[in-house]
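Chemist: The structure's right below; bear with me while I get my questions together.
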Amino acid sequence: MLKEKVAVVTGGTRGIGFEIVRKYLANGARVVLFGSRQETVDEALKKLKEENAGWEVSGKCPKLTDAAEVEKAIAEVKEQYGRIDILVNNAGISQSTPLYNYTPEEFDKVIDLNVKALFYAILPAAKIMKEQGGGCIINTSSMVSISGQPAGVGYPTSKFAVNGLTISLARELGKDNIRVNAVAPGVTKTDMVAALPEQTVQAISAKIPIGRPGEPEEVANAFLYLASNMASYVTGEILSVDGASKA
Ligand code: NAD
């Protein structure tokens with residue numbers, strides 16, 4: 001489904017991002033994954049190469065909250081492959097600190113990675129996509145971008161912003177043949193969920209109409225669809241993959 005396409009996936013070393021990378025590779029894309037540390041990047045690349053030595057995948061670890069570093073990394077991908085067809089902004093952090101314990105620094109940390117870093121990657125990537133005649137940007141939102149959450153206000157705030165960025169840029173970049181969408185996962189079985197208190201996970205899971213949390217691969221399938229030509233007329237969409245959690 002993605003033959004000849006070049007994709008960049010941030011936060012591609014584990015969890016949902018890792019499954020997106022696998023899915024894209026299995027569907028013929030060449031992928032550059034961005035991770036936060038060289039060791040985790042190397043580990044992920046090793047795992048992928050063990051699965052299929054023929055997959056064309058490499059990795060980088062620019063500081064995503066540093067606009068200049070991200071711009072440089074994106075330029076290097078363009079240099080390496082001559083184009084960027086797909087940008088997946090997936091890296092994100094979550095927390096559930098109650099408001100009265102929240103610090104401004106904690107709020108900034110969430111917004112810096114979950115919102116500002118997306119803008120830093122989109123800016124240079126969209127310029128490349130425009131020049132080459134089109135491309136596709138997919139952001140990772142969350143079901144809390146629709147329902148909010150009862151603690152940890154920075155996280156849902158950041159994901160509401162992701163939706164705003166997505167819908168607005170879809171309107172602005174349509175004329176350049178750049179589609180911009182987001183996937184809004186529900187509770188998905190990754191390290192991020194493992195880090196939540198067990199009680200919180202149980203309470204959330206009990207409210208999922210489909211009766212279980214999602215698997216990272218089920219979420220990655222939505223990223224595959226949105227990146228493929230099957231979604232050629234889909235832009236400005238926030239695609240929920242949440243077992244009807246927010247319903
Ligand atoms: P995860 O913690 O397993 O993975 C997060 C990824 O982001 C990792 O690859 C990590 O290296 C990267 N990352 C974290 N901090 C970083 C930093 N400072 N700089 C660069 N990279 C950094 O989490 P996940 O569950 O796979 O989450 C992926 C995305 O999905 C996030 O945007 C998250 O908000 C969203 N999401 C997850 C769930 C869920 O239930 N797991 C639900 C809704 C949305």
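The values are calculated or read from the model by the stated rules, or taken from the named source; none is laboratory data. Bear in mind that the values here come from a model prediction, so they are computed numbers and not experimental data. Here the Cβ is made from the backbone with ideal geometry for all residues, glycine too, and neighbour counts use every protein chain on show. SASA here: full protein model, heavy atoms, side chains in, ligands and nucleic acids out. Shrake-Rupley method; radii C 1.70, N 1.55, O 1.52, S 1.80 Å.
Chemist: Can you list residues whose amide H is under 5 Å from Val187's amide H, if they're 5+ apart or on another chain and H is modeled 1.01 Å from N?
Modeler: Those lying under 5 Å, H to H, from Val187 are Gly214.
Chemist: Through the Karplus equation 6.51 cos²θ - 1.76 cosθ + 1.60, θ set to phi - 60°, convert the phi angles of the stretch 190-207 into ³J(HN,Hα) values in whole Hz; use x for Gly and Pro.
Modeler: Residue by residue, the stretch 190-207 yields 9, 4, 4, 6, 4, 7, 6, x, 3, 4, 5, 4, 4, 4, 5, 4, 4, 9 Hz.
Chemist: Among 3-9, 200-206, 224-230, what's the highest-first ranking by average C-beta atoms within 10 angstrom per residue?
Modeler: Going from most to least packed, we get 3-9, 224-230, 200-206.
Chemist: Can you compute 3J(HN,Hα) from phi for each residue in the stretch 90-102, using the Karplus curve 6.51 cos²θ - 1.76 cosθ + 1.60 with θ = phi - 60°, rounded to whole Hz and x for Gly and Pro?
Modeler: Going residue by residue, I get 10, 4, x, 10, 10, 7, 10, 5, x, 3, 5, 9, 6 Hz, with x marking Gly and Pro.
Chemist: Percent of accessible area on the stretch 6-240 owned by carbon and sulfur, 1.4 Å probe?
Modeler: Details: 5980 of 11170 Å².
For the stretch 6-240, the apolar C and S fraction of the accessible surface comes to 54 percent.
Chemist: Give me a comma-separated list of calculated 3J(HN,Hα) values for the stretch 221-236, in order, Karplus coefficients 6.51, -1.76, 1.60 applied at θ = phi - 60°, integers in Hz, x for any Gly or Pro.
Modeler: 4, 5, 5, 5, 4, 5, 7, 8, 5, 4, 9, 4, 10, 9, 8, x
Chemist: Extending each Cα 7 Å along its Cβ direction at Val234 and Glu79, get the distance between those two points in nm, one decimal.
Modeler: That separation, rounded to one decimal, is 3.5 nm.
Chemist: Could you tell me the calculated FRET efficiency between Tyr225 and Ile93, based on Cβ-Cβ distance and R0 = 25 angstrom, to the nearest 0.05? Display every interim value, and only then the final one.
Modeler: Numbers: r = 26 Å, r/R0 = 1.03.
The computed FRET efficiency comes out at 0.45.
Chemist: If every alpha-carbon in the stretch 6-240 counts as one equal scatterer, what log10 I(q)/I(0) does Debye give at q = 0.13, 0.14 1/Å?
Modeler: Here log10 of I(q) over I(0) equals -0.75, -0.87.
Chemist: Between their Cα atoms, which of Lys5/Lys72; Lys60/Lys116; Lys130/Lys246; Lys3/Lys189; Lys3/Lys78; Lys47/Lys189 are more than 25 Å away from each other? Intermediate values should be presented prior to the final figure.
Modeler: Numbers: Lys5/Lys72 21 Å; Lys60/Lys116 19 Å; Lys130/Lys246 35 Å; Lys3/Lys189 29 Å; Lys3/Lys78 17 Å; Lys47/Lys189 19 Å.
Lys130/Lys246; Lys3/Lys189, as the Cα separations exceed 25 Å there.
Chemist: What 222 nm value per residue comes from the helices of the chain, counting each DSSP H run with n ≥ 4 as -39,500 (n - 2.57) and dividing by all residues, nearest 500 deg cm²/dmol? Don't skip to the answer; put the middle values down first.
Modeler: Working: 10 runs with 114 residues, N = 247.
Estimated from H runs of four or more residues: -14000 deg cm²/dmol.
Chemist: If r is the Cβ-Cβ distance from Lys72 to Glu4 and R0 is 25 Å, what FRET efficiency results, to the nearest 0.05? Walk me through the numbers on the way to the answer.
Modeler: On the way: r = 25 Å, r/R0 = 1.00.
That gives a FRET efficiency of 0.50.
Chemist: Can you give me the accessible area per residue for the stretch 1-110, using a 1.4 Å probe, in Å²?
Modeler: On the way: 5510 Å² over 110 residues.
Averaged over the residues of the stretch 1-110, the accessible area is 50 Å².
Chemist: Could you tell me which of rounded, prolate or oblate describes the stretch 6-94, using a ≥ b ≥ c as the square roots of the eigenvalues of the alpha-carbon gyration tensor, with rounded for a/c under 1.5 and, failing that, prolate when a/b is larger than b/c and oblate otherwise? Let's see the in-between values first.
Modeler: Values: a/c = 1.61, a/b = 1.19, b/c = 1.35.
Because a/c hits 1.5 or more and a/b fails to exceed b/c, the stretch 6-94 counts as oblate.
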